[in-house]
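So the structure is just underneath, and the comments pick up after that.
The values are calculated or read from the model by the stated rules, or taken from the named source; none is laboratory data. Keep in mind that this is a model prediction, so the values were computed, not measured. Cβ placement follows ideal geometry from the backbone for every residue including glycine, while neighbour counts extend to all protein chains displayed. We work out accessible area using only protein heavy atoms, side chains counted, and drop any ligands, DNA or RNA first. Shrake-Rupley method; radii C 1.70, N 1.55, O 1.52, S 1.80 Å.
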Amino acid sequence: MSTVSVLGVRHHGPGSARALRRELERLRPDAILVEGPPEADALVALAPDLEPPIALLAHVPGAPAKAAFWPFAEFSPEWQAILYGVAAGVPVRFCDLPAAHSLADEAEGEEEAEAGGDGLRTDPIGALAAAAGHDDPERWWEDVVEHRGDTPFEAIAEAMAAVREGHEPTGREARREAYMRRTLRAAIKEGFGTIAVVCGAWHVPALTGPLPPASADNALLRGMPKVKAELTWVPWTYGRLASWSGYGAGITSPGWYHHLFAAPDRPVERWLTEAAAVLREEGLPVSSAHVIESVRLAATLAGLRGRPLAGLGEVTEAARAVLCEGDDLAVELIQRRMVVGDRLGHVTDGTPMVPLQRDLREQRRRLKLRPEALDRELDLDLRKPLDLERSHLLHRLRMLEVGWGTPGQARGKGTFRESWTLQWRPEHDLALIEHAALGTTVAAAAAQRARDLAGATSAALADLTALVELCLLADLPKALPGVLAALSAKAALDTDVTHLMAALPAMVRAHRYGDVRGTSAEGLAVIVRSMLDRICVGLPVAVTALDDDAAAGLLKHVDAVHAAVALLTEPAAEAADDAAGEGASPGGRWLGTLRGIADRPDLHGLIEGRLTRLLLDCGELDDAGDRMSRAMSRGQTPVRAAAWVEGFLSGGGLLLVHDPRLLGLVDAWLTALPADQFTDVLPLLRRTFGGFAAPERRAVGERVSAAGRTGDPGGAEPDVDERRAAGAVATVLAIIGRDRG
C-alpha cells in the first residue's frame, strides 16, 4: 500500500525550500514527483553538477516562437527536492503536462498568459491574505510561511482547499492536474511505498484525498495536440528570475531570497553587514556603528508592523536612513547588487548541447570571454590578433541574432578600435539552438545566415549594404561574393535615388575595412562607384519641388553621402580607383553635382543653404557671402531665408565666429525683421542656434556684443595688451621650438 505525501510549496520560496528538505529527510520517500515537464526526467541526473540559477529549456526545432523555460534557483523547493532525490538514490520524476503538449497550441499559451500564468482567474494567496485582513499578499505569505521555522504543509493544503471552492480550474490548467494525477497513479502502480509529490500549493487539493476516476482524466487528456519537443538545461540569471512571469511564479528580489536561504542564522545582521561592504567598495564611508544602528532600526520597524522578522522592506528602509544617509543612488546600488543580484548559472559540458553551442563555448574559453549577467564594457584594439578574433566572434553572433555584445562608440581615435557592452541572457542559448541547422560552428552558421538573408526576395537595398558591412566585420569571406552579387542586382534595379543614398555610406565603410581589418572586399569598389554615379545622375531630379519634411529628409542623405565620399577620396581609396582604371575621382564627380544643383533658383531654402556650406567647406566657392546676401534679400520671404540659414549653419557655428562678414549679414538680417516676421521664423532660428555647442553660442554672442559696442557689423577684435601677452607668447614659442627673435 502506497503512502502519498503532497507537499505544497511556493515556487522560489526559501522558507519552503528549507522546510521541504527537512520533510523529505523525515519521510525518506521511495519516489519523488516534481512539478515540471516529464521529458526532462533524463536530465535529472545532471543536477548535482549544475550551478543555479539554471532553467529547463523546452523548444520545438524549427519553430523559435515555441519555447518555454522552467527556472530553478538554489532556494527553489523543486530544486532542493531534485538534489535530495539524486543524492539519496531515489527516483525523481517530473509530473506536469509534457512540453510536447504545452508547446503545441499557441492559442492556449496566450490564454494562459492572460490568466496570470497558471490559467487562474483568482489569486489564491491574495484571497488568503484578504481573509486574514492583510492588503499585501506577498508580505502576508512571507510572515506566515517563509519566515517560520517550518512550513505547515497540512495547513497550506487546508487553506488552498478552502480557496478552491467554487474556483475549480478549467482548460489547460485542468489538463495539467489531470496529468499530475496520471503520473501519481503510475507511481502507485509501480509499487513505491512512500511517494512525495512536490508542487505549487494551489495544486495540492487536486492531488489529495480520493482521486477522480482515471477514465475521467484520460478523457480530459485525449486528443491533445502534440509537437516534437527537445529539452536541455541552460544558464539563467537572477535578473531574469526577477522579471520572469511565464508561469505566475516571478519574484522581485531573488538576491534577498538567496540570502534568506543561505543564511538562516541572523539574516538581517548578515544582510546589512554585506550592504555596508558593498557601499565601502564604492568609496562610501560606512562604519560598524552604522551597521549596528541599521539593524536596530530594522528590528524596530518590524516590531511596530507586527512582523515576526524584518523583511526586505524594513532592511531597505534601515539601509536608506542609516547606511546610505538618504542617498537614493546608494540605495539603488544595494538594490542592483544585492536585492536582485548578478548571479549567472552554469551548466557542465555533459549537458546536452547542439554543436553550435559547444563551438561557442570553446571559442569563449580560447578568447577568454566569460559570460556575465551584468553589463561589462570591452574595448578592443583590432591591431592585436586576440582582440581581432574577439571582434569577429561578436559580429558573427550578431549575424545569428545572438546579442551577447552590443557595439558602442569606441574610446579614442582611429578605426582600429571597437567598444562593446557584453551581457549574457538565457535566450541567447535558444537563438543558438534555433540556428543550429545552419552549421556546426559559429563561423559556418553565420556565413550561411548571411547567404540566406541575401537570397531573400524581400531584402531592401539598405539591408543588403548593412549585410555586406557585417560580413566584413565578421570576417565571412565565403559569404561575401553571394551577398555582393545580390547587392549589385538590387542596386541595378532600384530607381529611387534616396534608397541608393541611404545604402552608400555602409558600402563605403565596408570598402575601408579591406585596409583597416585585413579582410578582402574584392569587387566592392566597382559597386560603390556605380552607386555613386547613379546618385549623381538622380540627385538633381530628387531635389525638385520638396516640402519642408521632404527637404529635411533628403538633407540627411546628402550629408551622409558627403561624409562617405570624403572616405573614398582618401589616398588609399584613390589608389584603388586608379588601379581600376576609372576616370574622375568620386569626390570630383560628387562636388561637381552639388555645384550644378546649388546654382538652381528652384531649390528649397534648406537644401540651397546646406549645399552652399558643403561647397564652401570644400573650397569650391568664393562667393558664399554674396549667396547669403541674396538669400536674405528683401525679395525672399523670412521663412525661406531662415531655412537657408538653418541649412548653411547646420553642424556648427564656428563659421560665424571666424567670418565677420557672414556674422554681420546674419545679424543685419535678424535686426531688420519686423516683430511679426521674427515671431514666424523664431522656431527655425532656435532649432539652428540650439544645435550649436555651448562654447560656440557663447563666442557668437561675444562677437555680436562687440559689434554693438564698436559699430563694426563683423565684431571688431578687442585691443590686445602686448605687455601682458608677452609671457604667454614666449611660452608658446618655446613649446613649438621657435625663437622669438
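Report yes if SER294 is hydroxyl-bearing (Ser, Thr, Tyr) and surrounded by 18 or more Cβ atoms within 10 Å (Cβ to Cβ), otherwise no. Step through it out loud before you land on a result.
Details: hydroxyl-bearing (Ser, Thr, Tyr): yes; surrounded by 18 or more Cβ atoms within 10 Å (Cβ to Cβ): yes.
Against the criterion (hydroxyl-bearing (Ser, Thr, Tyr) and surrounded by 18 or more Cβ atoms within 10 Å (Cβ to Cβ)), SER294 qualifies.
Return the only residue of ALA631, ALA598, ALA641 being over 22 Å from ALA563 (Cβ atoms), under 44 Å from the mean Cα position of the chain (by Cα), open to solvent by less than 50 Å² (accessible area, probe 1.4 Å) and small (Gly, Ala, Ser). Can you show your working first?
Values: ALA631 fails: under 44 Å from the mean Cα position of the chain (by Cα); ALA598 fails: over 22 Å from ALA563 (Cβ atoms).
Checking each option against the conditions leaves just ALA641.
Taking the conditions exactly as written (touching a helix residue (DSSP H, G or I) at 6+ places or on another chain (Cβ under 8 Å) and either assigned to a strand (DSSP E or B) or within 20 Å of LEU344 (Cα to Cα) (or both)), does LEU33 satisfy them or not?
On the way: touching a helix residue (DSSP H, G or I) at 6+ places or on another chain (Cβ under 8 Å): yes; either assigned to a strand (DSSP E or B) or within 20 Å of LEU344 (Cα to Cα) (or both): yes.
Yes, satisfied.
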Considering residues of the stretch 300-326 that are touching a residue at least 24 places away in the same chain (Cβ under 8 Å) and open to solvent by 60 Å² or more (accessible area, probe 1.4 Å) only, the residue nearest to GLU138 (Cα to Cα): PRO308
Which condition number does LEU378 fail, the rest of (1) open to solvent by 30 Å² or more (accessible area, probe 1.4 Å); (2) part of a strand (DSSP E or B) being met? (1)
Sole exception among (1) open to solvent by less than 70 Å² (accessible area, probe 1.4 Å); (2) assigned to a loop (DSSP other than H, G, I, E, B) for MET338, by number: (2)
What is the number of the single condition among (1) outside any helix (DSSP H, G or I); (2) open to solvent by less than 40 Å² (accessible area, probe 1.4 Å) that PRO212 does not meet? (2)
Which number in (1) surrounded by 19 or more Cβ atoms within 10 Å (Cβ to Cβ); (2) of a type outside the set (Gly, Ala, Ser); (3) part of a loop (DSSP other than H, G, I, E, B) marks the one condition that LEU616 misses? (3)
With the condition kept exactly as written, say whether any residue in the stretch 172-187 is in contact (Cβ under 8 Å) with a residue 60 or more places away in the chain and open to solvent by 50 Å² or more (accessible area, probe 1.4 Å). no
The residue that is surrounded by the most Cβ atoms within 10 Å (Cβ to Cβ), considering only those in the stretch 188-203 that are among the small types (Gly, Ala, Ser) and more than 23 Å from GLU168 (Cα to Cα), is ALA196
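Every residue, every condition in (1) modelled with pLDDT under 90; (2) among the β-branched types (Val, Ile, Thr); (3) in a loop (DSSP other than H, G, I, E, B), yes or no:
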position: HIS395; (1), (2), (3): no, no, no
position: SER419; (1), (2), (3): no, no, no
position: ILE433; (1), (2), (3): yes, yes, no
position: ALA454; (1), (2), (3): yes, no, no
position: LEU464; (1), (2), (3): yes, no, no
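Does ARG365 satisfy the criteria of being assigned to a helix (DSSP H, G or I), surrounded by fewer than 19 Cβ atoms within 10 Å (Cβ to Cβ), out of contact with any Asp or Glu (no Cβ under 8 Å at 6 or more places or on another chain) and touching a residue at least 24 places away in the same chain (Cβ under 8 Å)? Steps first, please.
Working: assigned to a helix (DSSP H, G or I): yes; surrounded by fewer than 19 Cβ atoms within 10 Å (Cβ to Cβ): yes; out of contact with any Asp or Glu (no Cβ under 8 Å at 6 or more places or on another chain): yes; touching a residue at least 24 places away in the same chain (Cβ under 8 Å): no.
No: the conditions fail for ARG365.
Looking at the stretch 581-595 only, could you name the residues that are in a helix (DSSP H, G or I), buried (at least 16 other Cβ atoms within 10 Å of the Cβ) and not charged (D, E, K, R)?
Looking only at the stretch 581-595, we keep the residues that are in a helix (DSSP H, G or I), and these are 586-595.
Within this subset, residues satisfying the condition of being buried (at least 16 other Cβ atoms within 10 Å of the Cβ) are 586-587, 589-591, 593-594.
The answer is PRO586, GLY587, TRP590, LEU591, THR593, LEU594.
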I'd like the full set of residues that are acidic (Asp, Glu) and surrounded by fewer than 19 Cβ atoms within 10 Å (Cβ to Cβ), limited to the stretch 424-454. GLU427, ASP452
